[in-house]
Amino acid sequence: QVQLVESGGGLVQPGGSLRLSCAASGSISRIYDMGWYRQTPGLQRELVAVITLGGRINYADSVKGRFTISRENAKNMVYLQMNSLKPEDTAVYYCQAVVVVTTTRLEDIYWGQGTQVTVSS
């Protein structure tokens, strides 16, 4: 009913930048929180940044001052601008959205398929 598709991952050198995008589509009535999480092998998925419908933002301490999350409500899009990338930022990045589905009027959490970000020289 709802699909999230990420794009923008890739290989970048330390100190470089990448911009991730996530497009939500399907039977969407409303999207509340939209966020980015990341996961490395053997570790739990962790929050990177989240933005509410009203624009309130929360960042993981490890990315504050380097990453910026934003959203375009009219397009059901969320973005993550990543600057000053470090090797420890290497992970699969997942988009998440809290969506009210049009057909059921129920609120649920949806995930994208993930996009690989590799920071290496």
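General remarks:
- Under 18 Å from the Asn58 label point (7 Å along Cα→beta-carbon), backbone N, the stretch 82-109: 94-99, 108-109
- For Val5 and Tyr32, the FRET efficiency from 1/(1 + (r/R0)^6), where r spans their Cβ atoms and R0 equals 22 Å, is about 0.70.
- Linear extension gain, Lys75 paired with Gln39, 0.36 nm per residue minus alpha-carbon span: 10.3 nm
Bear in mind these aren't lab numbers, they're just calculated from the coordinates by the rules spelled out. Fair warning: this is a prediction, and the values are worked out from it, not measured in the lab. Positions of Cβ are backbone-derived with ideal geometry, glycine not excepted, and every protein chain shown enters the neighbour counts.
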